Amino acid sequence: MLSKYAFATAALATSLLSGTAGAADKPKVAFVPQITGIPYFNAMEEGGRRAAKDLGVEFIYTGPVDASPIDQLQIVQNLINQGVNAISVSILDASGLSPLVESAKAANLKLFTSDSDAPQSGRALYVAQATDEGLGDTLIDELVKRTGEDATIGIVSGDATASNLNTWIGVIQARAKAKYPKLKLLDPQFSGSSSDKAAQIAGDLMTAHPDLKGLIAVASSTCPGVGQAIESANNVGKVFGTGYCSPNTARSYIKSGAMPFTVLWDPAALGYLTVWAGKQLIDNTPLKASNTVPGLDKPVSYDAKTGILLLGDPSVFTAANVDQFKF
Amino acid sequence: MPQTTATHRKLILLALLFAAIVAGFSLYAPRFAQANIATSILQFSTLLALVSLGQGLVVLSGGAGIDLSVGGTVSLSAVLAMMAVRAGAPPALLPVLAIGCGLLLGLVNGVVVTRFGILPLIATLSTYFIYAGTAMALTNGAPIPGVPAWLLPFGRGTVGGIPVHFLTVVVPMFLLAAGLLAFTAWGRWVYALGFNERSARLVGIPVDRMRLLAYALAGALAGAAALVSLAWLGSARPNIGVNLELESLAAVLLGGIAITGGVGGVLGVLLAVVMIVTLKSGLQFVNVATIWQVGVVGLLLILSLLLDLLPARTRLR
Amino acid sequence: MPSAFRIVGQRELALLLLCLAAGVVFVALSPAYLSAGNVAAVLRNCVELMLVGLGITLLLAMGGIDVTVGLVLGLAAIAIGRLLLAGFDPWVAAAAGPLVGLAIGLITGAVVVFGRIPAIVATIGLLGVYRTAVFVALGGQWLSGLPPTLSAIFAGQIFGIVPVSYLVIGAIYAVAWAALRKTPFGLHLLAIGNNEERARLAGIAVKQVRLGVYAVSGALCGIAAIFYISTYRNVEMTVGSTLALDAIAAVVLGGTNILGGRASLLGTVFGVLLIRMLQNGFTLIGLPSLWQPVVTGALLIGALLIERGLGRDVLRRVTLRAA
């Protein structure tokens, strides 16, 4: 019986290991998303792979199954142990990264953030999709253009613990307070990461506030729920949905008018830039104030003081332009 | 006593499996065998180990014992302890606060189960909702920073390659629990009431008080895990305990404790915890997508229990 | 035994009153609560939980449990969605839901029954396996942009008022009620829940019945998947992640004995309704959604404590039977 057990284990081990081929001695760049299996990070992965091919590095994409900060830290630690030359992470919990930064420095590896930052952690740099202010302001400004300044607007977010989403909510709230004093912004509601819960909450918000004019889907996982709820309640044209939603996720809602516009950057370009930045760190190439990245349309600015490498301004997707984008 | 050869055989199998896993990964990826891998594996084992020890004691003492609220207890203890410090409690009390909160939450479970006779699965499912939910709602999901700097070395430091918290909390706790279970009357009682509750009551073992203690200990250990998380991350995370209830159950059962109680020991649990973390790290090391880890651990759990089937057939049923 | 057959017991009545009380409070606090739109929304939100909860009711009454039900719904939904995207007739796609659910239910049942593993443990293990399966079946992507053909059939109303979903739910509950009362299968199920050993000695085909109930529960998850897809037209990785615990809470709240032997279908209906009413009502009166699980937990434990407080033999309950 014992040997049977050992055999089963061995078989399991071989079957798992055979899938992954050993790699050549190319420098390695890794990206750790907040969670795997969502279109947004899949798009970043795809961009990263393209960059890896162009730049001649090996790309590793691995992340937690749940948005669990400990799991994520464990994955980063693992990559450090593996000796991956440059590791980027879209951090879930900014406070947990600093010990790992030290650990990476001790191993002479580069640890940096992308997509979600940990500014106090001592990370090598931060690859930003856009400034938090740019994202928050664009969204609320565009929305107010459609709802008017004395509207009631609801916010549906995903995981309450995601620090980047909470930052954007904060920016939106601050902008509304400063620029649109008549705007009534409801407290954010959190749906966890399931889209049916987001749909239920969005529906409930519309019922509770018959004067509701706008609904903001902050997490990409809440986009389909919000769009769906507006359509189901026959509120297209009455309630304007929007959010940080990729064209692929929101296309049908953008076209139906449930979400007249959404705001996002090109996550594939962000993934591309992330790997490019990793390559520069490995090569110890200093970044300039403005960098031309082959494979990206526009030059990329770098602020040496804050260590932020900025992809550019966020894009606004509407029915007029959504079909030009395939992410 | 039920500490039989079956338990020992299971422990040996577990150790062999563990060795096979380490050997397999080391052969495939030589870097895996480095010493600092061990450091990081132990670093990530502590939370699960502490919680699993408590879970193990609860399951061991029978009465369909199970604690689904352990993860919520970790989160809520961390949050409450930090909120107390922010509200003016002396930071020096942080360890006491965290463990105390855990103890209290565990006591609530114990009282509900033993005094009111509510089935542990349902009682702790309810408190899971309450504890985990309260931790999130109190903080709106945002971490509470401000853990005093003097505590951080406890969470981040190492001695001879072994994380401080593993050395100073996990190892002593498991040794203590193993010693108590093996050599004291208390330990024999735990097995007795897990193994055959009716006769345990008949010989005058204070069954309910023992179980209350098990839940309280599980809570206190979850509080200790919360403390480690504070010292490690430097902030109180409202969802730090997410998934720990299921992972700890997997570790307990994989470690050879029977879900009906009365059979098994805590050292197997520690071995199972380290094995699970090693397996996850190893799979990741060879770049197997993380989602497979969940499935492999689940499969391992089922396989280990199917194994019980073989000798069980030869016994009287 | 007669308690198993009571149609309206104390518990059901208490739950009904609680639902009504909650309704009154919410109406007082939020004028929108009683609007036709909101009532429809609450009912709509109950659909999956009603079906999944029925399966859990049967399982618990038999002394079993299954924590994977949310993922079974997810896997069935993925099958339906894939077929829809491949251009299959919506009826064919819909039929795949219960079939996939049934198949997975059989797998779960086989592991529990033939593996002789306590159900709670086996399904915790399978939870990991099925999660991986969901991920693989989705290919790491979301299923989105599903054609509305299925919605046209299953998300609509008959005579403009009765939702199709509730016709189906009503029919299924009627069948389940009759099966529990009138058929050997139902009697055997409850007998196993009362005392498995005695049921075996009485000549009941215990293994077949247990396997059958897991299969039925799986099929019910598959039917729930049809309505899930019809409504949300989207399946993502975290599909059904909170469903199992919500369902167990609702069923236990409804008075089904988790140690087996008693099923209350009406109790499940009210339990589901109450949980969803509270979730909806809380958002409506402006309480943060993060408090919702706390309310669910408090309700569950409150109900059980009150029941206990009414005085029953405490010790008798602590039977050694791992769920």
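No lab work stands behind these numbers, since they all come straight from the coordinates. On a predicted model such as this, the values are computed, not experimentally measured, just so you know. So basically every Cβ, Gly included, is an ideal-geometry build from the backbone, and we count neighbours across all protein chains shown.
What does the charge add up to near A:Ile60, with Lys and Arg as +1, Asp and Glu as -1, over the other residues with Cβ less than 12 Å from its Cβ? Display every interim value, and only then the final one.
On the way: positive: A:Lys26, A:Lys28, A:Arg49; negative: A:Glu45, A:Glu58.
Overall, the nearby charge balance is +1.
Counting only other chain Cβ atoms within 10 Å of each residue's Cβ, the peptide A:31-44 averages 3. Close amide H pairs (under 5 Å, H built 1.01 Å from N) link A:Cys245 with A:Val263, residues at least 5 positions away or on another chain. Applied to segment B:120-135, the Karplus parametrisation 6.51 cos²θ - 1.76 cosθ + 1.60 on θ = phi - 60° returns per-residue 3J(HN,Hα) values of x, 4, 6, 4, 7, 5, 4, 6, 4, 4, 5, 5, 5, x, 5, 4 Hz, with x for Gly and Pro. Per-residue Karplus couplings for segment B:76-90, computed as 6.51 cos²θ - 1.76 cosθ + 1.60 with θ equal to phi - 60°, are listed in order as 5, 4, 4, 5, 5, 4, 5, 5, 4, 5, 5, 7, x, 5, x Hz, Gly and Pro entered as x.
Largest first and in whole Å, give the semi-axes of chain C's equivalent ellipsoid, each being the square root of 5 times a Cα gyration tensor eigenvalue.
Working: eigenvalues 173, 142, 64 Å².
Semi-axes from the Cα gyration tensor: 29, 27, 18 Å.
Neighbouring Cβ atoms from other chains, within 10 Å of the Cβ of residues in A:202-213, number 5 on average. In terms of its C-alpha gyration tensor, segment A:17-174 comes out prolate, because a/c is 1.5 or above and the ratio a/b outweighs b/c. Its Kirkwood hydrodynamic radius, worked out from the mean inverse distance over all distinct Cα pairs, puts the protein assembly as shown at 28.7 Å.
At a Förster radius of 30 Å, what calculated FRET efficiency corresponds to the Cβ-Cβ distance of C:Val24 and C:Gln157, to the nearest 0.05? Each step should come with its number before you reach the end.
Numbers: r = 27 Å, r/R0 = 0.90.
The calculated FRET efficiency here is 0.65.
For segment B:1-150, just say rounded, prolate or oblate: build the C-alpha gyration tensor, square-root its eigenvalues into a ≥ b ≥ c, call rounded for a/c under 1.5, and beyond that prolate if a/b exceeds b/c, oblate if not. It is oblate, given that a/c is not under 1.5 and a/b is not larger than b/c.
Apply 1/(1 + (r/R0)^6) to the Cβ-Cβ distance of B:Thr184 and B:His8, taking R0 = 22 Å, and write down the FRET efficiency to the nearest 0.05. Walk me through the intermediate numbers first.
Working: r = 20 Å, r/R0 = 0.92.
Efficiency for this residue pair is about 0.65.
Taking 0.36 nm per intervening residue step and subtracting the Cα-Cα distance, what contour gain separates A:Lys238 from A:Lys326 on full extension?
Values: separation 88, 0.36 × 88 = 31.68 nm, distance 2.82 nm.
Roughly 28.9 nm would be gained on extension.
Highest average first, the peptides B:224-231, A:145-152, B:100-107, C:110-117 ordered by how many other beta carbon atoms sit within 10 Å of their residues are B:224-231, B:100-107, C:110-117, A:145-152. Put simply, the amide H of A:Gly63, placed in the peptide plane, has neighbours under 5 Å in B:Thr290, leaving out anything fewer than 5 places away on its chain. When both segment B:283-301 and segment B:20-46 are represented by their alpha-carbon centers, they are found 15 Å apart. Placing unit charges on the Cβ atoms of the charged side chains and taking the dipole of segment A:132-264 about its Cα centre, the candidate lying farthest along the positive direction among A:Ala258, A:Gly192, A:Ile216 is A:Ala258.
For chain B, the Cβ-based charge dipole about the Cα centre amounts to some 420 debye (Lys, Arg positive; Asp, Glu negative; other atoms uncharged).
Taking θ as phi - 60° and the Karplus parameters 6.51, -1.76 and 1.60, the scalar couplings of segment A:65-72 work out to 7, 10, 6, 9, x, 5, 4, 5 Hz in sequence order, x denoting glycine and proline. The modelled label-to-label distance for the pair B:Ala19/C:Phe88, using points 7 Å beyond Cα in the direction of Cβ, is 5.0 nm. Selection among A:Val101, B:Asn36, B:Gly234 by position relative to the dipole of the protein assembly as shown gives B:Asn36 as farthest towards the positive end (Cβ unit charges, Cα centre).
Going from the residue with the fewest nearby Cβ atoms within 10 Å to the one with the most, A:Tyr180, C:Tyr232, B:Tyr131 rank A:Tyr180, C:Tyr232, B:Tyr131. Sorting the segments C:138-144, C:255-261, B:234-240, B:36-42 by their mean number of nearby beta carbons within 10 angstrom, highest to lowest, gives B:234-240, C:255-261, B:36-42, C:138-144.
If only the Cβ of Lys and Arg carry +1 and only the Cβ of Asp and Glu carry -1, the dipole of segment A:132-264 around its Cα centre is close to 280 debye. Across segment A:112-154, the volume of the C-alpha convex hull divided among the residues equals 87 Å³ per residue.
The residue among A:Thr62, A:Ala178, A:Asn81 whose Cα reaches farthest toward the positive pole of the charge dipole of segment A:54-207, with charges on the beta-carbon of Lys, Arg, Asp and Glu, is A:Ala178. What aspartates and glutamates could a cross-link reach from A:Lys26, if we take a straight Cα to Cα line under 18 Å and drop same-chain neighbours fewer than 8 places away? Within the straight-line cut-off, A:Lys26 pairs with A:Asp54, A:Glu58, A:Asp283.
Straight-line reach from A:Lys288: taking Cα to Cα under 17 Å and skipping same-chain neighbours fewer than 8 places apart, the lysines in range are A:Lys279, A:Lys298, A:Lys305.
If the only charges are +1 at each Lys and Arg Cβ and -1 at each Asp and Glu Cβ, what is the size of the charge dipole of chain A around the Cα centre, to the nearest 20 debye? Before the final figure, lay out the partial values.
Values: 26 positive and 30 negative charges, 67 e Å.
Here chain A has a charge dipole of around 320 debye.
Among DSSP beta bridges whose residues both lie in the protein assembly as shown, state the antiparallel percentage, nearest 5. Don't skip to the answer; put the middle values down first.
Working: 16 of 47 bridges.
Among the beta bridges of the protein assembly as shown, antiparallel pairing accounts for roughly 35 percent.
With r as the distance between the Cβ atoms of C:Leu305 and C:Ile285 and R0 = 30 Å, compute the FRET efficiency 1/(1 + (r/R0)^6) and round to 0.05.
On the way: r = 25 Å, r/R0 = 0.85.
Efficiency, rounded to the nearest 0.05: 0.75.
May I ask you to compute the full-extension gain from C:Glu197 to C:Ala174, defined as 0.36 nm times their residue separation minus their alpha-carbon distance, rounded to one decimal in nm? All intermediate terms of the calculation are to be shown ahead of the outcome.
Working: separation 23, 0.36 × 23 = 8.28 nm, distance 2.95 nm.
Residue separation times 0.36 nm, minus the Cα-Cα distance, leaves 5.3 nm.
First check a/c for segment A:132-264, with a ≥ b ≥ c the square roots of the eigenvalues of its C-alpha gyration tensor; if it is under 1.5, answer rounded, and if not, answer prolate when a/b is larger than b/c or oblate otherwise. Verdict is rounded for segment A:132-264. Between amide H atoms placed 1.01 Å from N, distances below 5 Å from A:Phe240 occur with A:Gly214, A:Leu215, all of them 5 or more places distant or on a separate chain. For the segment A:71-83, counting C-beta atoms of other chains within 10 Å of every residue's C-beta and taking the mean gives 6. In summary, the aspartates and glutamates within cross-link reach of A:Lys255, defined as a Cα separation below 20 angstrom excluding same-chain residues under 8 places away, comprise A:Glu142, A:Glu231, A:Asp266, A:Asp323.
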